[in-house]
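Enquirer: Below is one structure. I have some questions about it.
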Amino acid sequence: MKELSLPKLPYGYDALEPVIDQQTVTLHHDKHHAGYVTGFNTTLKKIVEAREKGDYSAIKALVKDLSFHGSGAILHALYWDNLCPKSQCVEPTSGDFIAQVKSDFGDLAKLKAEMGAAAKTVEGSGWAVLAWDPASAQLLVLQAENHQKLTVWGVKPLLVIDAWEHAYYLKYQNNRATYVDAIWQILNWAAVEKRFKDASQ
Ligand code: MN3
C-alpha cells in the first residue's frame, strides 16, 4: 500500500496573521490535518489486513473512514496551498481564469459572494469548494459536508474554504461569517489560477 504524508506548510505558522492566528494555524496543520493523514494510512492498513484475511465484516466502516480521512487530507493540502501571507495576495483582473469566472459567474465579486455564502451556510462541519467540472466544462461552487459528502464526481477542486469550527473558533468564536469574509484578504489567487490551468487543459 502507498501512504499519504503530511505536506509542509508553504509558509510560517504566523504568516496568515492577522486573519488567521498562529495558534489556529499550528493546531490546524499539526494536529487536525496530520490526523487525517494518519487516519487515512491507518484505515488503509486495516483494509489491506482485511483483504489478506479475506474478512470483510468491517468493510462498511472502513471505507467510510477511508473516504472521510482521505478527503480531509486532500482538502487541507489544498486549503494551505490556496492561502498566502496578506502582503503577497493579489487579486487577478485578467487572464484565462478570470475569463472563465466572467463567463460562469459574471465577475470575481459574484464568485466570492457565492463561495462565501456556501461557506457560511454549510450544515455542521464542512467546506465551500470552487471546482472545475470537466463534464460540463464550467466552474461550480459546491459545499462539502464533513470532508467527503455532496461532491459531483470527477470535479477538480481549485479553491476551498474550511468552515469547520477548528479553522476559526479561537479567534472568531461562533462568528463563522466574519472569518469567511476576512479570508479573501489572504487568498492566493495565483495558486488558484495555476490549478485552473492544470485542471481545464
Ligand atoms: Mn480543517
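The values are calculated or read from the model by the stated rules, or taken from the named source; none is laboratory data. Just so you know, these numbers come straight off a predicted model, no measurement behind them. Note: ideal-geometry Cβ built from the backbone for every residue, glycine included; neighbour counts use all protein chains shown. The protein model used for the area step is the full one, side chains on, heavy atoms only, and it has no ligands, DNA or RNA in it. Shrake-Rupley method; radii C 1.70, N 1.55, O 1.52, S 1.80 Å.
Enquirer: So, A144, is that one surrounded by 19 or more Cβ atoms within 10 Å (Cβ to Cβ), modelled with pLDDT of 95 or more and not β-branched (V, I, T) or not?
Expert: When the stated conditions are applied, A144 passes them.
Enquirer: What's the number of the condition P18 fails, among (1) open to solvent by 60 Å² or more (accessible area, probe 1.4 Å); (2) under 24 Å from L130 (Cα atoms); (3) not aliphatic (A, V, I, L, M)?
Expert: (2)
Enquirer: A further question on this structure: Looking only at the range 26-57, how many residues end up being more than 28 Å from H166 (Cβ to Cβ), of a type in the set (A, V, I, L, M) and touching a helix residue (DSSP H, G or I) at 6+ places or on another chain (Cβ under 8 Å)?
Expert: 1
Enquirer: Check G72 against each of (1) farther than 19 Å from L150 by Cβ; (2) open to solvent by less than 60 Å² (accessible area, probe 1.4 Å); (3) in contact (Cβ under 8 Å) with a residue 40 or more places away in the chain and name the one condition it does not meet.
Expert: (1) is the only condition that G72 fails.
Enquirer: Does D14 count as free of Cβ contacts under 8 Å to residues at least 12 places away in the same chain, acidic (D, E), under 18 Å from I186 (Cα atoms) and outside the structural domain of R176 (by TED's automatic domain parsing)?
Expert: Numbers: free of Cβ contacts under 8 Å to residues at least 12 places away in the same chain: yes; acidic (D, E): yes; under 18 Å from I186 (Cα atoms): yes; outside the structural domain of R176 (by TED's automatic domain parsing): yes.
Criteria met by D14.
Enquirer: Going through the range 75-87 one residue at a time, which ones are touching a strand residue (DSSP E or B) at 6+ places or on another chain (Cβ under 7 Å) and either more than 16 Å from the ligand (Cβ to nearest atom) or open to solvent by 10 Å² or more (accessible area, probe 1.4 Å) (or both)?
Expert: L75, L78
Enquirer: So, one more: Hey, can you tell me all the residues within the range 43-61 that are open to solvent by 50 Å² or more (accessible area, probe 1.4 Å) and in contact (Cβ under 8 Å) with a residue 24 or more places away in the chain?
Expert: Scanning the range 43-61 gives a single hit, K45.
Enquirer: Looking at the range 158-175, I want the residues that are free of Cβ contacts under 8 Å to residues at least 40 places away in the same chain and have a partner that is more than 11 Å from the ligand (Cβ to nearest atom) and in a helix (DSSP H, G or I) with Cβ atoms under 6 Å, at least 6 apart or on another chain. Which pairs are those?
Expert: Y172/T178; Y172/Y179
Enquirer: Being free of Cβ contacts under 8 Å to residues at least 12 places away in the same chain, outside the structural domain of I186 (by TED's automatic domain parsing), more than 22 Å from the chain's Cα centre (by Cα) and open to solvent by 40 Å² or more (accessible area, probe 1.4 Å), is that true of even one residue in the range 91-110?
Expert: Scanning the range 91-110, I find no residue that is free of Cβ contacts under 8 Å to residues at least 12 places away in the same chain, outside the structural domain of I186 (by TED's automatic domain parsing), more than 22 Å from the chain's Cα centre (by Cα) and open to solvent by 40 Å² or more (accessible area, probe 1.4 Å), so the answer is no.
Enquirer: Hey, can you tell me all the residues within the range 135-168 that are in a loop (DSSP other than H, G, I, E, B) and touching a Lys or Arg at 6+ places or on another chain (Cβ under 7 Å)? Give the steps one after another, and end with the answer.
Expert: Initially, the range 135-168 is screened for residues in a loop (DSSP other than H, G, I, E, B), giving 135-137, 146-148, 150-155, 163-164, 168.
Passing the criteria: A163, Y168.
Enquirer: Could we say that K64 is within 23 Å of A128 (Cα to Cα), free of Cβ contacts under 8 Å to residues at least 12 places away in the same chain and away from the ligand (no atom under 16 Å from the Cβ) here?
Expert: Yes; evaluated as a whole, the condition is true for this residue.
Enquirer: Looking only at the range 180-195, which residues are closer than 15 Å to E91 by Cα and open to solvent by less than 10 Å² (accessible area, probe 1.4 Å)?
Expert: I183, I186, L187, W189, V192
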